[in-house]
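The values are calculated or read from the model by the stated rules, or taken from the named source; none is laboratory data. Values in this document were obtained by computation on a predicted structure and should not be read as measured data. Cβ placement follows ideal geometry from the backbone for every residue including glycine, while neighbour counts extend to all protein chains displayed. SASA here: full protein model, heavy atoms, side chains in, ligands and nucleic acids out. Shrake-Rupley method; radii C 1.70, N 1.55, O 1.52, S 1.80 Å.
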Amino acid sequence: MQSGEERNVLRIGPPEHPGETEITPAMVEAVRERIKGAGGTLNVWAVLREDVYESRFGDGFYLHVKGIALNGADADRLAALGPKTEFTKWYVRSYRLGLKGDAPFFTALWRPEEEFTINQFVAILREIPPGGSASKLLTGVRHRKDGPLLSLP
């Protein structure tokens, strides 16, 4: 488990853990420009996945970011693409990103169940094309590169 400060530390370069996305300066610049273009604060809606089995029988309730949208309606539509099973729940929560020392960061307090970092948000936000409104949704339980990924129609 991480602290609120740790999740806001942007790590550029090779990933901390194998299989995670490498954060490049170009990715950071693209997200920085998106935040600046929004007036210095960018509101995003994250599609979060709960592993209900882990919540009930494992080590607790945790949410993992699986997709991001630039508006609530598209986030809801993206979450609706997620598989419906007794052991998977999908949530949509809004987050505000700002810039601190020219690096993207979460402006709100961290909640203990949030098992994601600013690196994951940067990687997923970078996937949203210019003029687009949502990333793809990772429906698998591993890394984004492993898929499967679903897109809004």
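Which of the residues belonging to the stretch 25-59 are outside any helix (DSSP H, G or I), open to solvent by less than 50 Å² (accessible area, probe 1.4 Å) and of a type in the set (Val, Ile, Thr)?
Val44, Val47
Being in a loop (DSSP other than H, G, I, E, B), open to solvent by 70 Å² or more (accessible area, probe 1.4 Å) and within 21 Å of Met27 (Cα to Cα) is the filter here, so list the residues in the stretch 72-124 that pass it.
Passing the criteria: Gly101, Asp102.
Does the stretch 133-140 contain any residue that is among the charged types (D, E, K, R), in contact (Cβ under 8 Å) with a residue 24 or more places away in the chain and open to solvent by 30 Å² or more (accessible area, probe 1.4 Å)?
Yes, the stretch 133-140 has at least one match.
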